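Below: one structure, written as structure tokens.
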Amino acid sequence: QVIGINGQFPGPVLNVTTNWNVVVNVRNSLDEPFLVTWSGLQHRKNSWQDGVPGTNCPIPSGWNWTYEFQVKDQIGSFFYFPSINFQRAAGGYGGVIINNREVIPLPFGTPDGEITLIISDWYTRDYKDLRKEIEDGKELGVPDGVLFNGLGPYRYNESVVPDGIVYQIINVEPGKTYRFRVHNAGVLTSLNFRIQNHNLLLVETEGSYTVQQNYTNMDIHVGQSYSFLVTMDQNASTDYYIVASARFINETARDRVTGVAILHYMNSQGPAAGPLPDGPNEDETYFSMNQARSIRWNVSASAARPNPQGSFRYGDITVTDVYVLLNRPAELINELWRTTLNGISYVVPATPLKLAQQFNVPGVYKLDFPNKMMNRLPKVDTSLINGTYKGFVEIIFQNNGTTVQTYHLDGYAFFVVGMDYGTWTENSRGIYNKWDGVARCTAQVFPGAWTAILVYLDNVGIWNLRTQNLDSWYLGQEVYVSVVNPEVTNKTELPIPDNVIFCGELSSLQRQQANRFSYSDASVIAKKSRIVLIWFLMAWAGLLIW
């Protein structure tokens, strides 16, 4: 079973343009609460729409809630997904495209077509069973497969893939160039993406245009998104394989954790056959790190605004705060399995942080998250980073675990300035890229290694900083960053939505809301010039994979 949206798995692509106002009505037909978050959308001055437990009460079963937000000053490739209850393991995700305004040309020729591919590892066990295993301290183990847009693998090898599986077919015309937007929406597996005999010209990642470079394959870690231009320049004697294969797993399981789709030229003479195209050595993390280092920001290209991306010279800005965030594998804390950052496992309070801040509810959270690992026993707490408004913050992620972890920050794009093996020290700044490190929202951290980012805290709100690896996130490896403008007379944040759902300490206010809004129908819709109205119906749908 999967979580479908409007009868689809994955859900519909949200296709909008810079600065459009978007209205999304979500009707929850699941048997438990639900929230959707918009990974990479910055929600300028409006963390009320972020769709995570720190900003929003979950949408109860049978209710609907309407998101209203502007895709302000953004372009690029993103995706949405469920943010609670381990539901992302069952689907509920879909792509997001933010197009350039017509007045700002693309830094490449207009593609002949666009193709969204969501790749993901997949477990055939129910997501509720998976989260129970995590709570009990069990590892999920090797996934049962890899999906392309919700479909299983093409039967490239009869001894590996059973007959009768429905697979993804991408139809193309010879000689044309297509933009592939590829997202890894999986649970915990890094995937290597490649197309047989075709180059991948990288042009964008998570809202930033990149220096254009050809790759034969690309490691896409959990939560990451990339755009490639692919030209159909091969002969059409056969179809071609599109592959997403698991990285850094046991060799005996690799065939099982390989997704295969088909690239079909309209004049193809026959099916794809023979071995899959080679990827990198599956155990080689150095390849993956060097590939990540090669991705550069296109400083001369315009994006959401006419001025070049490189106009923001991040390397010339003085850092105001430094946080070294150390993760550890799951461990028992108060007889519960938990994961931590700097020895603290985040506990979701009954009252969302944003509501507690708005209504001055005492005791919900503390602004005391440490900027480094403390010499004390790990604990569970609701501890926030007290961010300085318009501060320029350096964050170092130190991964002492045994698997690749990816980290995501809501509300911002950050600059990935360095990564290396070993323990980060102040001398590590000597290898930082202070000119064209790519700006994105999700960065990988390799086991036994560190990754450094720089971020300018100019977006007021409460923002989630988390691992995208679902098993670690579910057990508490996250923190929120509170960014408040001290000049209260300066209106730098949008007001609380009229249709806000109340819960926790503020549950009594929900009775008043019930008199103003019907939560079985769509709530008030924004009265603005450019609006895209989308209805999302979350429901169970059967899907036989294998």
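The values are calculated or read from the model by the stated rules, or taken from the named source; none is laboratory data. These numbers were taken from a predicted model, which means no experiment stands behind them. Note that each Cβ is placed from the backbone with ideal geometry, even for glycine, and that neighbours are counted across all protein chains shown. Quick note on the areas: whole protein, heavy atoms, side chains included, nothing else; ligands and nucleic acids left out. Shrake-Rupley method; radii C 1.70, N 1.55, O 1.52, S 1.80 Å.
When its C-alpha radius of gyration is set against 2.2 N^0.38 Å (N residues), the chain gives a value of 0.93.
Full extension of the chain between V299 and V488 yields a length gain of 64.5 nm, computed as 0.36 nm times the residue separation minus the alpha carbon distance. Would you please state which residues of segment 232-269 a label at N199 would reach in this model, taking the label point 7 Å out along Cα→Cβ and a backbone N cut-off of under 15 Å? So the set is 232-234. Taking the centroid of alpha carbons for each part, segment 391-451 and segment 302-373 are 14 Å apart.
Packing, as the average of other Cβ atoms within 10 Å across residues, places the peptides 56-66, 473-483, 499-509 in the order 473-483, 56-66, 499-509, highest first. Dipole size of the chain about its Cα centre, with +1 on Lys/Arg Cβ and -1 on Asp/Glu Cβ: approximately 1320 debye, rounded to the nearest 20.
Quote the FRET efficiency, to the nearest 0.05, computed for E158 versus N15 with a Förster distance R0 of 45 Å and r equal to the Cβ-Cβ distance.
Values: r = 38 Å, r/R0 = 0.86.
Efficiency for this residue pair is about 0.70.
Among rounded, prolate and oblate, which fits segment 116-257 when a ≥ b ≥ c are the square roots of the eigenvalues of its C-alpha gyration tensor, a/c under 1.5 means rounded, and a/b larger than b/c means prolate?
Working: a/c = 2.31, a/b = 1.46, b/c = 1.58.
Oblate.
Of interest is the spacing of the C-alpha centroids, which for segment 222-270 and segment 114-169 amounts to 15 Å.
Entry comment: accessible area of the chain is 39 Å² per residue, from protein heavy atoms only and a probe of 1.4 Å.
Spin-label model, N267 to V103: label points 7 Å out along the Cα-to-beta-carbon direction sit 4.3 nm apart. Sequence-ordered 3J(HN,Hα) estimates for segment 474-487 from the Karplus curve with 6.51, -1.76 and 1.60 and θ = phi - 60° stand at 4, 8, x, 8, 6, 8, 10, 10, 8, 10, 10, 7, x, 8 Hz, glycine and proline given as x.
At R0 = 56 Å, how high is the FRET efficiency between S29 and N427 if r is their beta carbon distance? Nearest 0.05 is fine. Write out the running numbers ahead of the final one.
Values: r = 55 Å, r/R0 = 0.98.
Efficiency, from the Cβ-Cβ distance: 0.55.
The simple spin-label model puts a point 7 Å past each Cα toward its Cβ; for Q358 and F312 those points are separated by 2.6 nm. Each residue, L367 and N235, gets one label point 7 Å from its Cα in the Cβ direction; the gap between the two is 6.8 nm. When peptides 120-132, 308-320, 432-444, 458-470 are ranked by their average number of other Cβ atoms within 10 Å per residue, the highest-first order is 458-470, 432-444, 120-132, 308-320.
Dipole of the chain computed with +1 at Lys/Arg Cβ and -1 at Asp/Glu Cβ about the Cα centre; of T492, H264, P111, farthest Cα towards the positive end is T492. Once the C-beta distance of V322 and M374 is scaled by a Förster radius of 25 Å, the resulting FRET efficiency is 0.95 to the nearest 0.05.
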